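All remarks here apply to the structure that follows.
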Amino acid sequence: MMLRNREFIVFSLAYVGITLILTVMTQLVAGQDAALMVLMAALLLAAVSLAFTFIRYRRIAELTAHVEAVLHGERQLAFDRLAEGELSILANELDKMVTRLYTTADYLEAERTQLSDALADISHQLKTPLTSLALMCELMRKQLLEAGESLNRSQIDAVVARLRSMQLMQERIQWLVSALLKLARIDAGVVKLASIPVDAAEVVQTACDMLAVPYDLADVTLVSTDVAHASFTGDPSWSIEALENVLKNCMEHTPAGGTVRVWVSEDAISCRIHVEDTGPGIDEADLPHIFERFYRGEERGDEASTLRDLQGVGIGLSLARSLVTAQGGTIEARNVYDEAGNVCGARFDIIFFRVVV
């Protein structure tokens with residue numbers, strides 16, 4: 001390895017040349033004995049220098065072998081055998097660099113896996129309503145061809161019902177695509193959230209007004225009670241978006257004739273927006289995961305659950321959590337129990353902190 005190093009060859013030639021010149025000059029000035037002493041000293045220094053150079057090159061070869069192993073996928077990189085010195089400093093820096101590369105590679109691999117899983121979930125959630133739409137269109141086509149002009153009232157009502165279901169599925173798909181785009185923008189850091197004083201009562205009122213018609217169609221009562229004029233620092237538009245997604249989730253999981261109640265409270269360190277419904281509650285196995293992206297819980301397989309899942313657990317709540325946490329807040333979920341200890345609904349608490357303790 002040393003003989004292939006041009007710098008070492010040049011140094012060796014220069015060293016030999018200088019040694020010869022000094023030897024000759026010493027012989028001319030001090031005689032042959034002095035010249036021999038100079039030559040012996042030069043040879044001794046050359047041997048010592050060559051030994052140290054050989055050891056240094058061997059250590060460099062070890063470093064090169066370790067780095068080469070890393071380039072070929074080796075995950076273990078240790079420089080424990082290197083002693084103190086300049087090469088040890090270089091080895092430590094290489095170790096830090098490789099550790100950082102390991103961390104980055106693991107993070108990218110996790111991101112790639114998460115993206116793959118996300119695309120699979122998106123494909124599944126889009127495929128289900130699209131398949132239903134195709135089947136409904138085919139059924140309507142066959143029914144119209146078979147009936148011709150002799151459609152009775154019940155058949156007309158069936159066609160109208162299918163058209164209504166198709167319209168609902170189309171709206172769900174549009175909402176799903178919009179929510180996914182918002183999540184992607186938040187993940188990419190494109191969304192710039194404001195940090196201004198926000199009136200919590202206005203957030204609640206605006207969100208309730210925007211959902212008044214959907215709640216009426218679902219035959220679910222939306223009530224805002226005890227809405228204190230509390231405030232927090234955040235982004236009013238995205239706060240409304242977060243609360244709206246929570247209210248949508250409650251509406252989707254509350255049976256007809258049920259009620260969803262919203263109220264605001266505040267204390268010394270936080271402003272809280274509470275949402276409580278009279279639905280069946282949240283399964284205990286799902287509670288730790290309901291804010292996870294694309295988490296669907298137990299598959300039910302019926303059409304009603306398909307419509308709910310598109311807008312409920314997995315997308316809306318995940319988007320709400322992302323919007324709240326981006327403002328320094330947090331969101332929690334739990335079940336509500338009656339006096340007999342039975343689950344009588346679900347409750348969500350959106351918390352915006354005023355100070356960090």
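Which condition number does Val262 fail, the rest of (1) in contact (Cβ under 8 Å) with a residue 40 or more places away in the chain; (2) surrounded by fewer than 16 Cβ atoms within 10 Å (Cβ to Cβ); (3) not hydroxyl-bearing (Ser, Thr, Tyr) being met?
Against the list (1) in contact (Cβ under 8 Å) with a residue 40 or more places away in the chain; (2) surrounded by fewer than 16 Cβ atoms within 10 Å (Cβ to Cβ); (3) not hydroxyl-bearing (Ser, Thr, Tyr), Val262 comes up short only on (2).
Hey, any hits in the stretch 268-290 for a residue that's closer than 18 Å to Thr330 by Cβ, touching a Leu at 6+ places or on another chain (Cβ under 8 Å), assigned to a loop (DSSP other than H, G, I, E, B) and at pLDDT 75 or above? Can you show your working first?
Our first condition is that a residue be closer than 18 Å to Thr330 by Cβ; within the stretch 268-290, this holds for 268-276, 282, 287-290.
If we keep only those that are touching a Leu at 6+ places or on another chain (Cβ under 8 Å) as well, we get 273, 275, 290.
Checking which are assigned to a loop (DSSP other than H, G, I, E, B) leaves us with 290.
Now drop any that are not at pLDDT 75 or above, which leaves 290.
So far as the stretch 268-290 goes, yes, one or more of its residues are closer than 18 Å to Thr330 by Cβ, touching a Leu at 6+ places or on another chain (Cβ under 8 Å), assigned to a loop (DSSP other than H, G, I, E, B) and at pLDDT 75 or above.
Determine whether the stretch 303-312 contains at least one residue that is assigned to a loop (DSSP other than H, G, I, E, B), open to solvent by less than 30 Å² (accessible area, probe 1.4 Å), at pLDDT below 60 and under 19 Å from Leu211 (Cα atoms). Talk me through it step by step, then tell me what you get.
The first filter runs over the stretch 303-312 and keeps only residues assigned to a loop (DSSP other than H, G, I, E, B), leaving 312.
Cutting the leftovers down to open to solvent by less than 30 Å² (accessible area, probe 1.4 Å) gives us 312.
Cutting the leftovers down to at pLDDT below 60 gives us 312.
So of that shortlist, the ones also under 19 Å from Leu211 (Cα atoms) come out as 312.
For the stretch 303-312, residues assigned to a loop (DSSP other than H, G, I, E, B), open to solvent by less than 30 Å² (accessible area, probe 1.4 Å), at pLDDT below 60 and under 19 Å from Leu211 (Cα atoms): present.
Restricting attention to the stretch 120-132, does a residue exist that is modelled with pLDDT of 75 or more, in a helix (DSSP H, G or I), touching a Leu at 6+ places or on another chain (Cβ under 8 Å) and surrounded by 14 or more Cβ atoms within 10 Å (Cβ to Cβ)?
The answer is no; no qualifying residue exists.
Taking only the stretch 26-40 into account, find how many residues are farther than 14 Å from Val16 by Cβ and open to solvent by less than 100 Å² (accessible area, probe 1.4 Å). First the steps, then the outcome.
In the first step, residues of the stretch 26-40 are kept if they are farther than 14 Å from Val16 by Cβ; the result is 26-37, 40.
Among the residues that remain, those that are also open to solvent by less than 100 Å² (accessible area, probe 1.4 Å) are: 26-27, 30-31, 34-36.
Residues in the stretch 26-40 being farther than 14 Å from Val16 by Cβ and open to solvent by less than 100 Å² (accessible area, probe 1.4 Å): 7 in total.
For the stretch 265-293, enumerate the residues that are crowded, with 18+ Cβ neighbours inside 10 Å and closer than 23 Å to Leu176 by Cβ.
Result: Val275, Asp277, Gly279, Ile282, Ile290, Phe291, Arg293.
Filter the stretch 61-117 down to residues that are modelled with pLDDT under 70, among the charged types (D, E, K, R) and in a helix (DSSP H, G or I) and give me whichever is surrounded by the most Cβ atoms within 10 Å (Cβ to Cβ).
Ranking the qualifying residues of the stretch 61-117, first place goes to Asp117.
In the stretch 315-357, which residue that is more than 16 Å from Asn249 (Cα to Cα) and of a type in the set (D, E, K, R) is surrounded by the most Cβ atoms within 10 Å (Cβ to Cβ)?
Arg354
The values are calculated or read from the model by the stated rules, or taken from the named source; none is laboratory data. Model, not experiment: these values are computed from the prediction. In this analysis, Cβ positions are derived from the backbone assuming ideal geometry, glycine residues included, and neighbour counts consider all displayed protein chains. When the accessible area is computed, the model is the full protein with side chains, heavy atoms only, and any ligands, DNA or RNA have been set aside. Shrake-Rupley method; radii C 1.70, N 1.55, O 1.52, S 1.80 Å.
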